[in-house]
Amino acid sequence: MRKIVIVEDEPELANNIAELVSLLGYQVAGIFNNFKSCLLFLNENPVDLVILDILLKGEETGIELGRTISSTYDIPIIFCSAYTDEQLLQQVKSIKHSGYIVKPFNRQILKTTIFLALNDKFVTPPTSGKDTLHVRDKGYLIPIEFKNILIAEADGLYTKIVTAKKNYLIRAILKNIEEQLPSNKFLRVHKSYLVNLDHISSFNSKGVKINDSIVPVRRGYFKSLKELFSN
């Protein structure tokens, strides 16, 4: 069950949010009203999401807490506030976050915002010198070695990364993924597919077989594929 932390300085509102979170099928990992207690908890416990009020008890604001969480942990943040003035929004804009809820809000708004935040997967460029693609999944950065990627399949604004053990749906178009993968190991065989050449077991003019999957081959790409395996 996904674990969510709530940071809110109004006890009644904090309890109301916690009740909604529970009704939506998530676990409330903790409720805090200040900067220090929240960070102490995050240092010791795995968390999938933080719902963060902007006004908190103590000297540090939710903006400062959000900035610290964003720079220290790979945990999505949903800001929550009754304020929408431009100065405040400019501060929020400078912090990586996955949503902003304006109080008061209802269950449906919370449900939608949490769902999008928890499923907002993306790739980060591989670290220089390392043959890996980094994918954020369920609040964690997962390094996937290039050699373990079998297929990359376009799905609108997303790309499905297929490995032998698990598939990942990430928010990045196939062209951007192609630019991050080594061109001597991955080949575009269709406008919607990249394949790992090392995992091809057989192919013809209509398809490429990789493990138990058949990837379609577009007419214009078959020549390149054939030439690679002829050399």
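Brief remarks follow.
- Top positive-direction residue, dipole computed over region 91-231 with Cβ charges, set 92, 195, 110: 110
- Total charge dipole magnitude, region 1-133, about the Cα centre, Cβ charges on Lys, Arg, Asp, Glu only, Debye to nearest 20: 440 debye
- Structure note, pairs 3/165; 111/175; 165/223; 147/185: Cα-Cα distances above 20 angstrom occur for 3/165; 111/175; 165/223.
- Accessible surface of residue 175 - all protein chains present, 1.4 Å probe, nearest 10 Å²: 120 Å²
- Across region 63-206, the mean sequence separation of Cα contacts (distance under 8 Å, 6 or more residues apart), normalised by length, yields a relative contact order of 15 percent.
- Potential lengthening between residue 197 and residue 1 on full extension [0.36 nm per residue; Cα-Cα distance subtracted]: 66.8 nm
- For peptides 11-23, 101-113, sequence by mean Cβ density within 10 Å, most packed first: 11-23, 101-113
- Computed lengthening from residue 211 to residue 147, 0.36 nm per intervening residue step minus Cα-Cα distance: 21.6 nm
- Taking label points 7 Å from Cα along the Cα-to-Cβ direction, residue 94 and residue 60 give a separation of 1.7 nm.
- Given charges at beta-carbon only (K, R positive; D, E negative), |dipole| of the chain in Debye: 1540 debye
- Share of carbon and sulfur in the accessible heavy-atom surface of region 186-231 [1.4 Å probe, %]: 45 percent
- Helix-derived mean residue ellipticity, 222 nm - over the chain, DSSP H n ≥ 4, -39500 (n - 2.57), to 500: -9500 deg cm²/dmol
- Averaged over its residues, the chain has an accessible area of 56 Å² per residue, based on protein heavy atoms and a 1.4 Å probe.
The values are calculated or read from the model by the stated rules, or taken from the named source; none is laboratory data. These numbers come from a predicted model, not from an experiment. Glycine gets a Cβ as well: all are built from the backbone with ideal geometry, and neighbour counts include every protein chain shown. Heavy atoms of the whole protein, side chains included, go into the accessibility calculation; ligands, DNA and RNA do not. Shrake-Rupley method; radii C 1.70, N 1.55, O 1.52, S 1.80 Å.
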